[in-house]
Each structure stands twice: as C-alpha cells, then as structure tokens.
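Asks: Below is the structure I would like to discuss, written out as structure tokens.
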Amino acid sequence: MTDRIEIRNLFKIFGKHPEDSLRRLREGATKETLLAETGSVLGVDNVSLNVPKGSISVIMGLSGSGKSTLARCVNRILEPDGGQILLDGEDITCCSPDQMREIRRHRISMVFQNFGLLPNKTVIENVGFGLKLRGMSERERQRKAEEMLEVVGLSAWGSHLPASLSGGMRQRVGLARALATEADVLIMDEAFSALDPLIRSEMQDELLRLQTRLHKTVLFITHDFQEALRLGTRIAIMADGALIREGAPQEIVEDPRSEYVAGFTRGVDRARLFDAQSIMRTDERDGFRLDKKGRVESWRKEGGPSMDFMTVNLEDKLIEIARRARSGRPIAVIDDTGRFCGHIPQDALLAGIAGAGDATPKSETKEPVA
Amino acid sequence: MLNLENYYIPLDRWIQTFVEWIAFNFRPAFLVIKWPIEGLLRLIQDGLLAMPPLLFLVVFTALAWWLAGRGLAIFTALSLVLLMLIGVWPESMTTLALIATAIVICVLIGIPTGILCARSDTAWRIVRPVLDVMQTTPSFVYLIPVVMLFGVGTVPGAVAVVVVAVPPLIRFTNLGIRMVDRELIEAGVAFGATERQLLWEVQLPQALPTILGGLNQTVLMAMVMAVIVAMIGAEGLGLVVLQGLGRLDVGRAAVGGIGIVLLAIILDRLTQAMANRERREEMSARPGLRAVLGGMFRGSRPALPEEAIEKTHGR
C-alpha cells in the first residue's frame, strides 16, 4: 500500500515569531519553556504520520491535543511552521497560493464538524459549491450535484435550505459536497461529533459503506476512541500536540504502550474488535485430524472420530464466535481456502472477550490465563 | 511656575485659515465631487416630482406590502394621502430625493470602505477613529465647512447628509463581514475559493442582514440630517419647519414636522423589513420554491417557523 499523504516532522506554532520559536525547539526547548519564555503555543509538535492510499486513517485526541490543527495543516488552511507534507510524494508546503488552490479544488476536500454549509443556499447549491468555485458550468454542476445527493440518499431535498434538514442530513450534504469535487483525499474534522449517538453510528456505517465503493483516502479527526476503532484502518493518538501512538486498532488495544493510551483502551468492547486470529492457539492441533490439503476432517473424541466441531474464519470477530459456541464443542480456525490454522479453546475465547490479563498470548501455554 | 493662562493656541484661527486655503486652492476638486451628486439629485427629484402623486402612492404601497406586509402597506398609503392633503407633497418629494441621493452615495462609499476595513486590520485602525470623530461631532457643525467648500443649496446639503449618514454603514459592513462564521470561511478556503470568490460567495451573502441593518441606521441619520441642512438652504420639509420657526408660525412648522415623522417611519420600517427579510431567510427553514408553490396549489400554506417570527415582529 503506497502512502497518499506523508507528514514529516510537522510543527505548528501559534505566536508572534514562529521561526524564532522553532529555533528554540530545535535547540531543545520544551513546550512549557516555549510558552513561558515567548508566550507561543506549540500546536503541533514534530508529528510524522503516513496516510496510506485508500485507507481511513483516524487521528484521535482530546480537545486541545492539536488534532484539528494538524488536519488543517494538511490542506494548509493553517500554515505549518516547520516540516513537510507530501501529497503523492510532492511537497505541498512550498506550493504557491495558486497551486494550493488547484490542489484544494481537485485533490483534497474537507468535511466540517458543524457542517460548514452556506445557510442562504439550497442543498443542491451547497453540494455544487466546490464545483462552482472551480468555474464549472451551471448545468454540469447541477448534474454532478444531483448525482452526489443520490449517493448520500438525499435526492428529494435538493431545493431545500440546510436549516430545514436534521443534523445527520446536513452532514450528508457536507459529505456530498466533499465528494462532488472527486478529490481523492477527504479530511473529515470531527465530522460526526455534533450528531446524536444514533445518527452518529448511522453516519459511520454510511461512511464505511461509501468507502467500500469509492476507496477515498480519508483523514478522520475525532475525540471518540470508539469511533476511531470503528472507522480506522490506522489510528494515530495525539496528546499535547505530539503523536504518542500509531497503529492498527487491534495493535493499540493489545499493547497501548503508555498509561495515557491505556486509559482509552480499557473500556473497549474487545469482543467486537478482536478476531479469531488474535486469540487462536497454533501450538498443537487439539485432536483435530486434517486431510492432505490441511483441511479439518474430524475431531477425535474419546469414543472415536466425531464431526461435532465448529469452524470459524480468521477474520471472524469474537462476538460472532461466542454466539455460535457450545460447551464441549471444539473450535477450529480456518483460512479462506479452508485450511486449518489453529484452534480456540473455550478459556481463550472467554479471556479474549474479557481482556483478562493481557488477552491471551498467541502461541504459548495451554494453561488458562489468570 | 508655569501659568497656562499666559499661553494660547490660536486653533480656531488655524482651522479657519486651513479651510479657507483648501476652499481657495481646491475649488475644482470640489466642483468635480459636486457634479455627480447634483446630476443624481436632479434626476431623482425631477422623476419624483413628474410622477403623478397617485402613481407614487400605488408604487410605494405595493413596495411596502411586498417587503413588510399588509400593516405597513396600509400605514404607507394613509400617510402619503395625508402628506398630499396637508399640502407638503412637493416638499416631501424633494426631501425624499435628497435622502435617496445621499443613500445611493453612502452605499457607493460605505460598503466598499466597510469591506476594506473588514479585510485589513490596518485600514480599520485608520478608519475607526475617523468614524468615531464623525459620529461624535454634532451634525450641524458640518454645515460651516460644507458651505465654505460647496456653497449653499440642496446639493451641498446632500454632501452634508452623506457625511453624517455614512459611518453606520461602514461600521455595520465591517462588523457583518468580520462576524461570518469561521467555519464557513474555512469551508470556502478548503474548497479553493479565491479572495474574490470568498467575498462574493461566502462573506457578503452572510453579512447581508447586518449590512442592511446598517443601511437602516444610515437612512435614519440621513432623514435627521435632511432636516438640519435646511439651514444651509436645502429645500424640502426641513425648510418648511425652518420657515415656520422664522415666522413663529407654529402650524406651518408642525405640518413640516408631521411630514418628516411620517416619511421617517415609512423609510425606517421599509429598510428594517428588508434587513429582517434577509435574516429570516437565512436563519429559518425556508421551504424550497417547489414546496411553497405546491402548498399554494393545494390551497394551504406550509407551516413555517417564519410565522412565529412574523408575529413577534408584529406584522
């Protein structure tokens, strides 16, 4: 997977003399000394991050962690003070305003927390906003905007004003506006944070559904770790302007590495996050008998071979496995071709769901973990 | 010991000399300024006076109905009829022409200046104290330099009206643009708007209700000043009042006064209705054109939150 966006050693300083502050930082000043000596606030502190093409990369952090600032540096609504931002390998921090405008019109679009819709324009005009700025003809714009409204399921609302729509619908309009420019990169700044919980989860599903069709590169900003887990292919956690942990959702939950991150992962519903692969044992076959191609043939019971076992896929989530599991029925994990990969003892399943200790180590002792 | 009574700065004489010097050396410049104002004023005044009063009444009543509804339409019609009956119709039209001319020029000066101030903090730092001085100076103080620079009559009167009436429009335009939601500006920039597109597509439409609020203030200031400039020979209702005062003719002065009040109320309500109309369209759920038309054909109006607002505005 290639990287669409590469952020390298990015700094953003809010204050009067950013160059001077940057020099101090390079000479070893900390965020605190910088604030005390110059009154400048370090918004983004030496962040490097890769956003792979076609992925949803989530930047997660509490308010004031610099996540929105970082996102705004990516399309240079805020001017970064140090470091580079590569878009498809090309450094956009040195682009001229004209070049930057072209990039914003064609390659990066954005969705806002409070929707950012023009209240005096109809839904369809709002969707066509980016296209209008680009100078597209009225008719073509209309056609394209209608198409996008259909994608987000709001075809019937084109002639209404945003004020007559509910929050969820307004954000669909915001999404349609961002999709209309056909930019590959979508920056979604707390896009669902202003919505009710139910609508929010509906919009998350909608985004995932759209993503399977459109394969955009999404940079999603959120303060909600659950949302990050649900949407993110990768999650980057920020605190105090700095990036403190980056990885796939399972990796982070499994190994938070710091007390701060552990604070977020503690309450996670592991049953919905972890899959069979993460808890299966591969050390021995536990009585499963395989054929020549490695497929499970039968299970050896005390009385003789038995077909009373269940198979699950590598990617099956624990919650689904638990739903199907019966006591005394062994679980075999198979890959897409049906080959045996490992097995899941019941104690491992329970431990995996409960997150007892540190889940279950993948291929060690058969002893139940305390 | 320093005794301040021994010192005197002849500021009054300096200013006198300065204004005289300007009047003497820059006369052509002032004539150039005067010329378009004079043309515009004459055009509007001749138009209004040539118009049959009844036609004017119908047009204005229709305008009031369209902008503000039935109440103001009835009030406008009755007021205009009264103006005809008490015999100040031509004077009312002259005053109206004077105000209209001043408003046009105020808009031409005020809105661009306001936009400039909103976009440049330096410009605002310079303009703001000037506006402060302009607004705190008693309005009739302007009359003397205006007479020295432009002479007497209705046209210099219009100049004085502009000077007094333009500051609120500049302030409100500046304020309206600066108050536009930051996220909307960001949205404009994020989708690749140029400075000009940002202004026309995002900032001005959002600031319009505030700008119209400023226009309302400007109209009221112009109305007040249009009366005061009678002192430097501007014609119209102000002159009626002034003549009434001069002859101790209370009746005549009162007639002029009533005319001014009626005209002022009509203009105030009309411009206020314009501003509210914009604001309402922006804030509330206005159904699409299709929905409104559909509702009309079904013989029922769709229930709008606007109606609640209308009630509070006493329409």
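Asks: Averaged across the residues of A:114-126, what count of C-beta atoms belonging to other chains lies within 10 Å of each residue's C-beta?
Replies: Details: counts 5, 3, 11, 3, 9, 9, 10, 3, 3, 1, 1, 1, 1.
Counting Cβ atoms of other protein chains within 10 Å of each residue's Cβ and averaging gives 5.
Asks: Right, something else. Who wins for biggest fluctuation among A:Gly241, A:Gly89, A:Gly54 in a Gaussian network model of chain A, springs between alpha carbons below 10 Å?
Replies: A:Gly89
Asks: Where does chain B land at 222 nm, in deg cm²/dmol rounded to the nearest 500, when only DSSP H runs of n ≥ 4 count, each adding -39500 (n - 2.57), divided by all residues? Please report the intermediate quantities before stating the final value.
Replies: On the way: 14 runs with 246 residues, N = 315.
It comes out at -26500 deg cm²/dmol, rounded to the nearest 500.
Asks: I need the shape label for the protein assembly as shown. Rule: rounded when a/c is under 1.5, else prolate if a/b > b/c, else oblate, with a, b, c from the alpha carbon gyration tensor. List each step's numbers first, then the result.
Replies: Working: a/c = 3.66, a/b = 2.24, b/c = 1.63.
Note, shape of the protein assembly as shown comes out prolate.
Asks: Skipping prolines and chain starts, which residues have an amide H placed within reach, meaning under 5 Å, of the one on A:Arg245, given they are 5 or more residues away or on another chain?
Replies: A:Ile237
Asks: While we're looking at this one, here's another question. Any idea how far apart B:Ala62 and B:Asp181 come out in nm if each label point goes 7 Å out from Cα toward Cβ?
Replies: For B:Ala62 paired with B:Asp181, the spin-label model returns 3.8 nm.
Asks: Over chain A, with a Gaussian network built from C-alpha contacts below 10 Å, which listed residue (A:Arg234, A:Arg266, A:Arg72) shows the highest mean-square fluctuation?
Replies: Most flexible of the set in this elastic network: A:Arg266.
Asks: Still on this structure, I have one more. Please rank B:Val147, A:Val44, A:Val333, fewest neighbouring Cβ atoms within 10 Å first, as an exposure proxy. Walk me through the numbers on the way to the answer.
Replies: Values: B:Val147 18, A:Val44 28, A:Val333 24.
Neighbour counts put them in this order, fewest first: B:Val147, A:Val333, A:Val44.
Asks: Ok, one more. Using DSSP, restrict attention to beta bridges with both residues in the protein assembly as shown and report what percent are antiparallel, rounded to the nearest 5.
Replies: Numbers: 32 of 55 bridges.
So the antiparallel bridges in the protein assembly as shown amount to around 60 percent.
Asks: Could you list A:Arg200, B:Arg128 so that the one with the fewest beta carbons within 10 Å of its beta carbon is first and the one with the most is last?
Replies: On the way: A:Arg200 21, B:Arg128 14.
Least crowded to most crowded, the residues run B:Arg128, A:Arg200.
Asks: In a Gaussian network model over chain A where Cα atoms closer than 10 Å are linked, find which of A:Met136, A:Met307, A:Met110 has the largest mean-square fluctuation.
Replies: Looking only at A:Met136, A:Met307, A:Met110, the biggest GNM fluctuation is shown by A:Met307.
Asks: Starting from the Cα gyration tensor of segment A:276-354, take the square roots of the eigenvalues, sort them a ≥ b ≥ c, and report rounded, prolate or oblate (rounded when a/c is under 1.5, otherwise prolate if a/b is larger than b/c, else oblate). Please report the intermediate quantities before stating the final value.
Replies: Values: a/c = 1.84, a/b = 1.29, b/c = 1.43.
Verdict is oblate for segment A:276-354.
Asks: Same structure again: Summing +1 for each Lys or Arg and -1 for each Asp or Glu, what net charge is found among the other residues whose Cβ lies under 13 Å from the Cβ of B:Gly114?
Replies: Details: positive: B:Arg119, B:Arg128, B:Arg171, B:Arg178; negative: none.
Charge balance in the 13 Å sphere: +4.
Asks: Could you give the length gained by full extension between A:Gln250 and A:Ala156, i.e. 0.36 nm per residue of separation minus their alpha carbon distance, to one decimal place? Could you put the intermediate results ahead of the total?
Replies: Values: separation 94, 0.36 × 94 = 33.84 nm, distance 4.03 nm.
Here the answer is 29.8 nm.
Asks: Just the number, please: percent antiparallel of the DSSP beta bridges in chain A, rounded to the nearest 5.
Replies: Details: 32 of 55 bridges.
Among the beta bridges of chain A, antiparallel pairing accounts for roughly 60 percent.
Asks: Further, regarding this structure: Can you tell me which of A:160-168, A:220-228 comes out highest on packing, and rank the rest after it, using the mean Cβ neighbours within 10 Å? Could the numbers behind the result be given before it?
Replies: Values: A:160-168: 18.3, A:220-228: 22.1.
So the order, starting with the most tightly packed, is A:220-228, A:160-168.
Asks: Moving to a separate point now. Just tell me, in residue order, which DSSP H segments of chain B are both 30 angstrom or longer along the helix axis (alpha-carbon based) and at least -0.5 in mean Kyte-Doolittle hydropathy.
Replies: Details: long enough: B:27-50 (33 Å, 0.78); B:89-119 (44 Å, 1.55); B:154-178 (36 Å, 1.39); B:204-228 (35 Å, 1.43); B:250-283 (48 Å, 0.38).
Going by DSSP H runs, the hits are B:27-50, B:89-119, B:154-178, B:204-228, B:250-283.
Asks: Measure out, as a whole number of angstrom, how far apart the alpha-carbon centroids of segment A:241-260 and segment A:1-46 sit.
Replies: Result: 22 Å between the Cα centres.
Asks: Continuing with the same structure: Hey, what number do you get for chain A at 222 nm if only DSSP H runs of n ≥ 4 count, each worth -39500 (n - 2.57), divided across all residues, to the nearest 500?
Replies: Details: 16 runs with 136 residues, N = 370.
Only helices count here, giving -10000 deg cm²/dmol.
Asks: Now, a different point. Quantify how strongly other chains surround peptide A:157-166 by giving the mean number of their Cβ atoms within 10 Å of each of its Cβ atoms. Please report the intermediate quantities before stating the final value.
Replies: Details: counts 1, 2, 6, 6, 8, 1, 7, 8, 1, 0.
For this peptide, the per-residue mean of nearby foreign Cβ atoms is 4.
Asks: Once the convex hull of the alpha carbons of chain B is built, what does its volume come to per residue, in cubic angstrom?
Replies: Dividing the Cα hull volume of chain B by its residues yields 216 Å³.
Asks: When Lys and Arg each count +1 and Asp and Glu each count -1, what net charge do the other residues less than 10 Å away from A:Lys132, Cβ to Cβ, add up to? Don't skip to the end; give the middle numbers.
Replies: Values: positive: A:Lys121, A:Arg134, A:Arg141; negative: A:Glu125, A:Glu138, B:Glu201.
It works out to a net charge of 0.
Asks: Label points 7 Å out from Cα along the Cβ direction at B:Leu11 and A:Asp98: separation in nm?
Replies: For B:Leu11 paired with A:Asp98, the spin-label model returns 5.3 nm.
Asks: Take every residue in peptide A:92-102, count the Cβ atoms of other chains within 10 Å of its Cβ, and give the average of those counts.
Replies: Values: counts 0, 0, 0, 0, 0, 2, 1, 0, 2, 6, 1.
Shielding by partners across A:92-102 averages 1.
Asks: Let me ask you something else. Looking at segment A:92-169 from every direction and averaging, what is the projected area of its Cα convex hull in nm²?
Replies: Values: hull surface 23.7 nm².
It is 5.9 nm².
Asks: Can you bin segment B:23-121 into rounded, prolate or oblate? Criterion: square roots of the alpha carbon gyration tensor eigenvalues sorted a ≥ b ≥ c, rounded for a/c under 1.5, prolate for a/b above b/c, oblate for the rest. Before the final figure, lay out the partial values.
Replies: Details: a/c = 3.39, a/b = 1.54, b/c = 2.20.
Note, shape of segment B:23-121 comes out oblate.
Asks: Can you give the local net charge around A:Ile319? Use residues other than it whose beta-carbon is closer than 12 angstrom to its beta-carbon, Lys and Arg +1, Asp and Glu -1.
Replies: Details: positive: A:Arg270, A:Arg272, A:Lys317, A:Arg323, A:Arg324; negative: A:Asp269, A:Asp275, A:Asp316, A:Glu320.
Charge balance near A:Ile319 sits at +1.
Asks: While we're looking at this one, here's another question. Using the 10 angstrom Cβ neighbour count as an exposure proxy, how do A:Leu195, A:Leu350, A:Leu208, B:Leu80 rank, fewest first?
Replies: Details: A:Leu195 20, A:Leu350 17, A:Leu208 12, B:Leu80 23.
Listed from fewest to most nearby Cβ atoms, that is A:Leu208, A:Leu350, A:Leu195, B:Leu80.
Just so you know, all these numbers are worked out from the coordinates, no wet-lab data involved. Predicted, not measured: the structure shown is a model, and the values here were computed from it. Glycine gets a Cβ as well: all are built from the backbone with ideal geometry, and neighbour counts include every protein chain shown.
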